[in-house]
Amino acid sequence: MGKPKFYDFCVHAVPDGEDTAEQLAALARYFGYSGIALANHSDKLPQSRPVLPSCNEFEVFRGIELVEENPSKLQGLIGKFRKSVDVLIVHGGSENVNRAALENPRVDILNHPAFDKSSGLNQVLAKAAAENNVAIGLTLRPLLHTRGPRRVRLLSDLRANLDLARKYDVSLVLSSGAMSCFDLRSPMEALALAEVCGLEEEEALEAMTTTPENIISRNRPGPGRVREGIEVLEEGDYF
């Protein structure tokens, strides 16, 4: 078994975050990541489509984190951006938004599902996430920037959602949610923090390696793939 490839699939660059895509990519590569997804919030996009940094054996994926409280408008944003990004994330935070995201197979990840006194997920939504192959995002930045009762609440919500994810076999994506280079953590640090939050080592590893790879594989199909379950075979590929 080869060395695992780690990915951070939620990083925010200027004008959403404080640092440039080049700075974030350089530090993530130094930390040992194989790639990151630049996923600015949809209300903090740059005026022009940015040119992604290019590095040997390191890839910067084009992503977005959609912010919209109206479920109907959210569906419109999903349709607008789906074909132009590698990683499509929805910023949750209400039952209606969470449901709209988890019932749409074009969504890759739901981040920040918690709201009021709810962790944001229940049995129905967890089943929808599993059926539509939408991963639940676990971001480290909120945990690192809170203290006291607020941190206790975040940990409680995370563990409740983790229990549901385990029960219904929902994929997880562990990311930094970085708004600057100071928010980035090395893969080993992220894994250690994840275990403190309640993830098993294997779960945390899969959430930073296998699941991100599956998302990219799904959104960047090979030249012969037409749609899910259908593939065009060239002559000589039948046997």
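Bear in mind that the values in this text are calculations on the coordinates, not laboratory data. Since we're looking at a predicted model, the values are computed, not measured. Here the Cβ positions follow ideal geometry from the backbone for every residue, glycine too, while neighbour counts run over all protein chains shown.
Brief remarks follow.
- Net length gained if the chain between residue 147 and residue 124 were fully extended (0.36 nm per residue, minus Cα distance): 5.2 nm
- For the range 121-227, trypsin sites (Lys or Arg not before Pro) are listed when DSSP marks them as loop and at most 12 other Cβ atoms sit within 10 Å of their Cβ; the list is 147.
- Contour excess over end-to-end distance, with Cα ends at residue 49 and residue 167 and 0.36 nm allotted per residue: 38.5 nm
- Its alpha carbons considered, the chain gives a radius of gyration followed by a Dmax of 17.5, 63 Å.
- Mean Cβ neighbour count within 10 Å, used as a protection proxy, ranking 100-110, 132-142, 196-206 highest first: 100-110, 132-142, 196-206
- Sparse-neighbour loop sites [trypsin sites (Lys or Arg not before Pro); the range 1-74; at most 15 other C-beta within 10 Å; DSSP]: 44
- Farthest toward positive dipole pole in the chain [+1 Lys/Arg, -1 Asp/Glu at C-beta], among 135, 11, 112: 112
- Ranked list, fewest to most other Cβ atoms within 10 Å of each Cβ, for 9, 58: 58, 9
- GluC sites (Glu not before Pro) lying in DSSP loop within the range 5-89, provided at most 15 other Cβ fall within 10 Å: 57, 69
- Links that overshoot a 30 Å alpha carbon limit, given the list 80/127; 44/83; 3/127: 3/127
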